[in-house]
Amino acid sequence: MPRVNAPHPAPRRPIRELPDELISQIAAGEVVERPASVVRELVDNALDAGAAQITVRLQAGGIRLISVEDDGIGILRDELPTALKRHATSKIASLRDLEAVDTMGFRGEALAAICSIAEVSVLTRTDEGASHGWLLDGRSGELQPTARVRGTTVEVRELFFATPARRKFLKSESTELAHCIEAVRRHALARPEVGFAIWHDGKLVAQWRAVAPDLAGGEHVLDALRRRLADVLGEEFIEQAVAVNWPADDAPGALGSSDGVQRLRVWGFAGVPDAARSRGDWQFAYVNGRFVRDKVITHAARSAYEDVLHGHRQPVYALYVSIDPTRVDVNVHPTKIEVRFRDSREVHQAVRHAVESALAAPRSGQAPAAPVPSAMPAEPDTSFLAALPRQQPLPWRPDTPQVGQRVSDLEALWRPSERISAPLDVPDIRRAEPVFPPGPSGQAAPAPLPDGEWPLGRAVAQLHGVYILAENAQGLVVVDMHAAHERIVYERLKQQLDAHQISSQPLLIPATFAATPEEVATAESTAEVLAALGLEVVPFSPKTLAVRAVPTTLAAGDPVELARSVLAELGQHDASTVVQRARNELLATMACHGAVRANRRLTLDEMNALLRQMEVTERSDQCNHGRPTWRQLGMKDLDALFLRGR
């Protein structure tokens, strides 16, 4: 038998304090990853100083030089040497201040850490009786007077010169420059009232002018943000985005209200489903003005698109959350890019509700930005939900209200009726043809635009029994009639089932599985939620759960896998989100089977009725599978097809 050598004991090393410079270099390893990290920290300080204009100058992608110049309040001469010391800051003085941080910087580590790995100088001047500015050499500590207007300039030269091994990990100059520009861009998206300029090797590479809102003149904060987003992300982003403002009774960005109570607010812009990208690189989330990568906000925003965006496409958005600083911990990551909420479910609900509400309004029912005069006559101002024979068009007229017509009888779809007051039984709806109240989700027909034109226009033809062709003031509208009708039916079914749970089917033999303590705790605390989903999951032993019932529609699936996935969702996210998602999947299947099929010939009146319903139905711009239901071809698009004007 081979002899196993005993491990040699490690040599004993004495415990001793680290030198200050090594401590700062260790801190720099956490704070300074690359030149962009320095840019971020210095711009944070400039914003905290009340700067209205910030200029960033770079050389060699920020490796040779990073200079951040601002017109803020400046630093007093006596405090200037202290500013470069470890854990020296004007932002906090007590634990109470730390628990309610409302500034971009607060740790007092950045400048000291940067000084330990680069050559740093600070040039500053205040308005407090100073006739000139002061220049501080970070390495020697030498302080000398110099000319400067009010503000501060921090220069960082030869980054990582003191730690050459780390310098080898940097990428090419162009890559580092791109990261620096991105760092400034993130700040610019949150502060439209501040101007930003970036110079590289003597050339201006990016500039965003201040667009401070003129509240006295009636310009809204969202308007200023809209202009800044258009400048930074491009006009295309704004053209394909909807405004988010929740709750809508207060101005965005204000934590307080008239009653003095601080509130959670969410505002910004969310891209329409058609603007989704293959990557999540255009997802910007801010908490109290700080750019963050937060799983709660990311999941809440993505879940708001579940009903209109399917597959792996990623939505685009710029969302801003204002919350009481005492309800969010910003001191959880060295680079301050992560936060922790005291009540993450509250934030999740707020973000999801804000984005969902913004996306729900059908864009087809909105007036165009610049209506084109039309010579077409206005639609008669009568109810468009008239009783129609199956094939022969009749004049539009109101009819006797009827309740509970079947989707298979399309002519009944257009009859007006009162809302169904009796609760619907989910199993009956699944087994039979869907039953729902005719009429556009209980809403009245939309009023035509000022020029007498409907947003989706008036139907002129049907193409191959699949598409409806309509003419509006902008040109041609093409509608996928099955996809559009599917969304209309789906939204109605959701309204009717809001107060009812999904039916369940008991298992002949309960399915047991070994569960983690978290799964057991979740099953016990969310029993009512599980029941609403049609699931019955109960403890069988301290380490085992038993599945006794599953949703009827999923009876053929694996009950254990279903239970595990639902418990995982409930453990991480808001219970109402999980319930809504499961319910929507069931109703989407029902709506797909209940919608009018392709190759079904419709009369002009039936086509027009479908268009009017689309204009007042939430999320009618996408079908239940995330595909668009209609497309607009403007006159310029049509002219280009036929080379008109060339």
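The values are calculated or read from the model by the stated rules, or taken from the named source; none is laboratory data. Only a predicted model underlies this, so the values are computations on that prediction, with no experimental measurement involved. Virtual Cβ from ideal backbone geometry, glycine too; neighbours counted across all protein chains shown. Calculation scope for accessible area: heavy atoms of the full protein, side chains included, ligands and nucleic acids excluded. Shrake-Rupley method; radii C 1.70, N 1.55, O 1.52, S 1.80 Å.
Check which residues have an amide H placed less than 5 Å from A241's amide H, if you skip close sequence neighbours.
Sorted by chain and number, the residues that satisfy this are V272.
Before I look further, what does the range 16-87 give for accessible area per residue, probe 1.4 Å, in whole square angstrom?
46
For Q622, enumerate residues with amide H under 5 Å from its amide H, sequence gap 5+ or separate chain, H modeled in the peptide plane.
Under 5 Å from the amide H of Q622 lie the amide H atoms of T629, each far enough along the sequence or on another chain.
Once amide H atoms are placed 1.01 Å from N in the peptide plane, what residues at a sequence separation of 5 or more from V287, or on another chain, have their amide H within under 5 Å of its amide H?
V292, V321
With θ taken as phi - 60° and the coefficients 6.51, -1.76 and 1.60, list the Karplus ³J(HN,Hα) couplings across the range 542-549 in order, rounded to whole Hz; mark glycine and proline as x.
Using θ = phi - 60°, the values come out as x, 10, 9, 10, 10, 9, 9, 8 Hz.
Cβ neighbours within 10 Å, averaged per peptide: list 522-528, 352-358 in order, most packed at the top.
352-358, 522-528
Using the structure shown, list the pairs from K168/K295; K85/K336; K168/K336; K91/K168; K171/K203; K171/K336 with a Cα-Cα distance above 29 Å, or answer none.
K168/K295; K91/K168
Please report, as a whole percent, how much of the solvent-accessible surface of the range 506-547 comes from carbon and sulfur atoms (probe radius 1.4 Å).
With neighbouring chains kept in place, the figure for the range 506-547 is 66 percent.
Round to a whole number: what % of the accessible area of the range 131-197 belongs to carbon and sulfur, probe 1.4 Å?
The value for the range 131-197 is 55 percent carbon and sulfur by accessible area.
Along the range 475-481, what does the Karplus equation 6.51 cos²θ - 1.76 cosθ + 1.60 (θ = phi - 60°) give for ³J(HN,Hα), rounded to whole Hz, x for Gly and Pro?
x, 10, 10, 10, 10, 7, 5
How would you rank 634-642, 311-319, highest first, on the average number of other Cβ atoms within 10 Å across their residues?
The packing order, highest mean first, is 311-319, 634-642.
Modelling each spin label as a point 7 Å along the Cα-to-Cβ direction, I'd like the E235/E193 distance in nm, to one decimal.
2.8
Take peptides 137-149, 536-548, 296-308, 11-23 and line them up by average Cβ neighbours within 10 Å, highest first, as a rough protection proxy.
Result, highest mean Cβ count within 10 Å first: 296-308, 536-548, 137-149, 11-23.
So what is the accessible area of the range 126-176 per residue, in Å², with the probe set to 1.4 Å?
With all protein chains present, the range 126-176 gives 61 Å² per residue.
Please list, in order along the range 102-117, the HN-Hα scalar couplings obtained from phi with the Karplus expression 6.51 cos²θ - 1.76 cosθ + 1.60 (θ = phi - 60°), rounded to whole Hz, x for Gly and Pro.
Couplings: 10, 10, 6, x, 6, 7, x, 9, 4, 4, 5, 5, 5, 4, 6, 10 Hz.
Give the carbon-plus-sulfur fraction of the accessible surface of the range 1-130 in %, rounded to a whole number; probe 1.4 Å, heavy atoms of protein chains only.
51
Taking square-rooted eigenvalues a ≥ b ≥ c of the alpha carbon gyration tensor, is the range 96-214 rounded, prolate or oblate, where a/c under 1.5 means rounded and, failing that, a/b exceeding b/c means prolate?
The shape class here is rounded.
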